[in-house]
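Since the structure comes first, as structure tokens, the remarks are kept for the end.
The values are calculated or read from the model by the stated rules, or taken from the named source; none is laboratory data. What you see is a predicted model; the values in this text were computed from it and never measured. Don't worry about glycine lacking a Cβ; one is built from the backbone with ideal geometry, like all the others, and counts go over all protein chains shown.
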Amino acid sequence: MSQVAGTVVELRDGQAVISCSVQPSGCPQCGAGRGCDWQRPPASRSLEVQVRQPIGALQPGDAVLLEVSDTGLLRAAARLYLPPLAGLLLAPALLRAAQPDTGILPLAAAVAGLLAGCLVARRWARQPPAIVLRSALPPHAAATRDGTS
């Protein structure tokens, strides 16, 4: 199970909007703010997610712990990356099975398959993995997990 600490930002329509600090996943140099910037995201290091919450259980400013199963993360990655790859590989193969490949046709088929796969992946990516709200944390625990005090 992957876990991340966050803070409730707002409540709306039975959903809690939770702001989570994104931890750097690169080497210790990146975590210290130095290094090559290879793994550093260009934008803010904060992520907001919506989680179904028990009625009346949370208030804005509460610290929470979110969990996502490893299986859910793997399924989400597969839904995102496999359709474009399948389209890229299958479209030229189907073209070759239908007729001899000549000229630029296999390249055009690969690009068309890749684009079709991207559209399928975009549609499937709208179904995020199940994020489970496990527990509320004391206010100082979220601050230490986020790296702020």
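Of the residues making up region 55-76, just one is touching a residue at least 40 places away in the same chain (Cβ under 8 Å) and of a type in the set (Ser, Thr, Tyr), namely Ser69.
If you go through region 39-58 one residue at a time, do you hit one that is in contact with a Cys (Cβ under 9 Å, 6 or more places away or on another chain), modelled with pLDDT under 65, surrounded by fewer than 17 Cβ atoms within 10 Å (Cβ to Cβ) and not hydroxyl-bearing (Ser, Thr, Tyr)? Yes, the conditions are met somewhere in region 39-58. In region 101-121, is there at least one residue being at pLDDT below 85, surrounded by 12 or more Cβ atoms within 10 Å (Cβ to Cβ) and not assigned by TED's automatic domain parsing to the domain that holds Gln15? Looking for residues that are at pLDDT below 85, surrounded by 12 or more Cβ atoms within 10 Å (Cβ to Cβ) and not assigned by TED's automatic domain parsing to the domain that holds Gln15, one finds at least one in region 101-121, hence yes. Listed by first and then second residue, the pairs with beta-carbon distance under 6 Å, at least 6 apart or on different chains, first residue in region 77-100 and within 19 Å of Leu119 (Cα to Cα), second at pLDDT below 90, are Arg79/Trp124; Leu80/Ala125; Pro92/Pro106. Please verify whether region 72-90 includes one or more residues that are assigned to a helix (DSSP H, G or I), surrounded by fewer than 17 Cβ atoms within 10 Å (Cβ to Cβ) and at pLDDT below 85. Yes - at least one qualifying residue is present in region 72-90.
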